[in-house]
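Single-structure report; data block below.
The values are calculated or read from the model by the stated rules, or taken from the named source; none is laboratory data. As the structure is a computational prediction, the values presented were derived from the model and not from experiment. Here the Cβ positions follow ideal geometry from the backbone for every residue, glycine too, while neighbour counts run over all protein chains shown.
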Amino acid sequence: MRLFSFHLMPYPGLPSDYDGPAWITCPNELFDPGLGTQIYNRYLDELIYADELGFDGVCVNEHHQNAYGIMPSPNLMASILARQTSHVRIAVVGNALPLYDPPTRVAEEFAMIDCISGGRLIAGMVVGGGPEYYSFGINPAQARERFSEAHDLIIKAWTEPGPFEFIGKHYRIRYVNSWPRPVQQPHPEVWIPGAGSLETLEFVARHHYAYMGIPYFHISVFERMFNLMREACEKEGYEADPLQLGWLVPIFIADTDEEARRRYEKHFWYFVKRLLPGISISPPGYTSIRSLESMMKGIGTFAEYLEDWDEVIEGQYAIVGSPETVLERLTENVERLGVGNLLGLFQLGTLPADDTRRNLELFATEVAPALRARFPGTERRVATGAHP
Amino acid sequence: MSAIGSSTELVTERFPTAVGAVQLTRGGDPSRIPVVYLHSSGGETGSNEVAEYLGHLAADHAVYAPMLPGFAGSEGLDQIDDIEDAVYHTLDVFDRLGLGANNPPHVAGMSLGGWLAAELAWRHPERVRSLTLINAVGLYVPGSPMSELFGRKFDELAAEVFADQTHPVAAGMNLLGSLGPKDIAAVPFEMVRPFLESMAAAAKLGWNPYFHNPKMPRRLGRVTAPTLVIVGRKDGLVPNAVGEEYARLIAGARLEYVDEGSHMLTLEHPQVVTRLMNDHFGG
């Protein structure tokens, strides 16, 4: 399996008297640029440290106008990481394609990162979160068709000789001729994050891409989601490779279970009670009715509605404890979910730098070797990109 | 002529159009002068909610209330991307109902339907016998922004669009709004499906620009139909300023206020709206 360190780059400085949403309408006066300078640099250091500790990859993602994750441009972060790391895969999970107009911008910037890093990019593509459709004014009822068309344009820009003409419904460019071209041929591995929408699962299966389950639900919701993904692959006539599945989960390790909870719990609650509110808004038409009906089953288990620590542990919303406990729980769940990519959130909410670094160290030294031995295999059986 | 207050049987059917089968409610003597009612983003002709209002109209007219694609199972939403598509789809419905330029209907629309009616009236004046705009959207008035329709809690929205929170539809919205996330998961999906479908269809037309056509102010001078603008003084969703601006920009338009009315006027005050419309048709 492959082990990744995922960073959301959360804003840790929401004042205690602010109890509104962290999204769309969270007043930007609450952002302290001085704190911004500190945390951007600190968070980048934490990702670079994961490279030094031997992780397989690091992950960044894209969100706008919110305190949950202050990476409106993950490509800026990825370009820094391309220079300042030497081994890790750099997974941008992902670019919200409908927010780029024209989306050839994504083909260009991803190719730049792939060139600078010497072919270490994982190209994530995402529909974008519900709040982003409010923040950008893009019509959510056209989210899926824009995403699909933008995806086709980007893949074509990477794989077909330019210049060529692209005439779609949303994007019309008479001269597509992307410079630079990516190092990885025919194109970088593609990851698609999703929260269980059937259209996304079917899209990923059809293209033989990898699906990253968006977290913050009860483990049974993930189990259902990954089963749906495997079914979607079967319908396409093949068996899903575990490396086509990724589980994103908060992880915290300390010397003992008690100490881990003591050091971690308040930072976890800051995350779920302060940064998640507002994330789950689903604008009209953004999710199809059949997917809404399917996803409705899990909605009551969304982490924002958690009330006590026992629920957190029981539902595996975060894997917290001594190295032994964490290894045991991760092993159980990786088996149960059948995933080949583990995307750990080693920093969450207000978790400070020293705890984050020690967490990464304990994972790399006490947990990762056993996981790797238990779940060997880090290459896709069939290389991505070899499919239509 | 029947007295106001009586109502006539309505029939709801599937009706073929160029974009697929849509839901159509019709009533009254087909040989009478036709009235077309265009619904709001709430998709209210899909149920019995405006049956009383349509029934009153049907006493003296041939009444037609088509549901736009995406609402109440009407097909063809994939072929509707903006209000212009909705206008040409509506003209197609008129054609198929025999409502050509030789037999133009009175056209009334509430909220989203009012916007559609106004667009129809300036593009094809010959197809509209008279125009009635009921809390219509479609115009942006600087300083008087429309409230948020999308992503609201049911109870907050009910407070903005109903004057009487005990109205059955308002009461249903308040009940849904009172449920926590875990209870929502237990609500039968069929209860919320019509609302989700209506909002998805409305978003295609009104997400951005937000329920208005920026070119509308310089087009409304083309409207020739006698126009009645009805505004609910207590409308919490669409500012009265929008109706007032319609009345200012359409030559000869008459502006009427319903003092006790909020946004969903045809649901809450069917008699008042029908009386104003019959006066308008007669004059």
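Quick look at the numbers
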read-out: Residue list for the stretch A:332-347, restricted to those being out of contact with any Cys (no Cβ under 8 Å at 6 or more places or on another chain), within 19 Å of residue A:218 (Cβ to Cβ) and touching a residue at least 12 places away in the same chain (Cβ under 8 Å); value: A:333, A:334, A:336, A:337, A:338, A:339, A:342, A:344, A:345
read-out: Residue within the stretch B:213-228 that is within 14 Å of chain A (Cβ to nearest Cβ) and in a loop (DSSP other than H, G, I, E, B) present; value: yes
read-out: Any hit, the stretch B:223-243, residues being among the charged types (D, E, K, R) and within 19 Å of residue B:130 (Cα to Cα); value: no
read-out: Output for the stretch A:2-19, where each listed residue is small (Gly, Ala, Ser) and surrounded by 14 or more Cβ atoms within 10 Å (Cβ to Cβ); value: A:5, A:13
read-out: Among the candidates B:254, B:218, residue that is free of Cβ contacts under 8 Å to residues at least 24 places away in the same chain and of a type outside the set (Ser, Thr, Tyr); value: B:218
read-out: Residue in the stretch A:168-177 that is surrounded by 14 or more Cβ atoms within 10 Å (Cβ to Cβ), farther than 16 Å from residue A:207 by Cβ and either without any contact (Cβ under 8 Å) to a residue 60 or more places away in the chain or within 14 Å of chain B (Cβ to nearest Cβ) (or both) present; value: yes
read-out: Breaking point among (1) closer than 18 Å to residue B:267 by Cα; (2) part of a loop (DSSP other than H, G, I, E, B); (3) within 13 Å of chain A (Cβ to nearest Cβ), for residue B:209; value: (1)
read-out: Only listed residue being closer than 18 Å to residue B:226 by Cα, of a type in the set (A, V, I, L, M, F, W, C) and either in contact with a Ser or Thr (Cβ under 7 Å, 6 or more places away or on another chain) or surrounded by fewer than 20 Cβ atoms within 10 Å (Cβ to Cβ) (or both), chosen from B:120, B:97; value: B:120
read-out: Tally of residues being assigned to a strand (DSSP E or B) and farther than 20 Å from residue B:101 by Cα across the stretch B:5-25; value: 14
read-out: Matching residues, the stretch A:264-298, being away from chain B (no Cβ under 14 Å) and surrounded by 20 or more Cβ atoms within 10 Å (Cβ to Cβ); value: A:264, A:267, A:268, A:271, A:274, A:275
read-out: The stretch A:37-59, residues that are in contact with a Phe, Trp or Tyr (Cβ under 8 Å, 6 or more places away or on another chain) and without any contact (Cβ under 8 Å) to a residue 60 or more places away in the chain; value: A:39, A:58
read-out: Unique residue being surrounded by 22 or more Cβ atoms within 10 Å (Cβ to Cβ) and not in a helix (DSSP H, G or I) when the list is B:86, B:108; value: B:108
read-out: Filter result (more than 20 Å from the chain's Cα centre (by Cα), aromatic (Phe, Trp, Tyr) and away from every other protein chain (no Cβ under 14 Å)) within the stretch A:120-167; value: A:158, A:164, A:166
read-out: From A:20, A:54, A:36, residue being in contact with a Pro (Cβ under 9 Å, 6 or more places away or on another chain), at pLDDT 95 or above and of a type in the set (Gly, Ala, Ser); value: A:20
read-out: Members of the stretch B:190-206 found to be over 17 Å from the mean Cα position of the chain (by Cα) and at the interface with another protein chain (Cβ under 9 Å from one of its Cβ atoms), listed by number; value: B:192, B:193, B:196
read-out: Subset of the stretch B:126-163 that is in a loop (DSSP other than H, G, I, E, B), surrounded by 15 or more Cβ atoms within 10 Å (Cβ to Cβ) and among the charged types (D, E, K, R) - its residue that is nearest to the chain's Cα centre (by Cα); value: B:129
read-out: Those residues of the stretch A:192-243 which are within 17 Å of the chain's Cα centre (by Cα) and of a type in the set (Ser, Thr, Tyr), in sequence order; value: A:197, A:200, A:209, A:211, A:216
read-out: Residue in the stretch B:174-189 that is buried (at least 17 other Cβ atoms within 10 Å of the Cβ), more than 13 Å from chain A (Cβ to nearest Cβ), in a loop (DSSP other than H, G, I, E, B) and not acidic (Asp, Glu) present; value: no
read-out: Failed item, numbered, when residue A:260 is tested on (1) surrounded by 22 or more Cβ atoms within 10 Å (Cβ to Cβ); (2) in contact with a strand residue (DSSP E or B) (Cβ under 8 Å, 6 or more places away or on another chain); (3) within 14 Å of chain B (Cβ to nearest Cβ); value: (3)
read-out: Every residue from the stretch A:127-159 that is touching a residue at least 24 places away in the same chain (Cβ under 8 Å) and not in a helix (DSSP H, G or I); value: A:127, A:128, A:129, A:138, A:139
read-out: Scan of the stretch B:59-108 for residues that are among the hydroxyl-bearing types (Ser, Thr, Tyr) and under 19 Å from residue B:122 (Cβ atoms), ordered by number; value: B:88, B:90
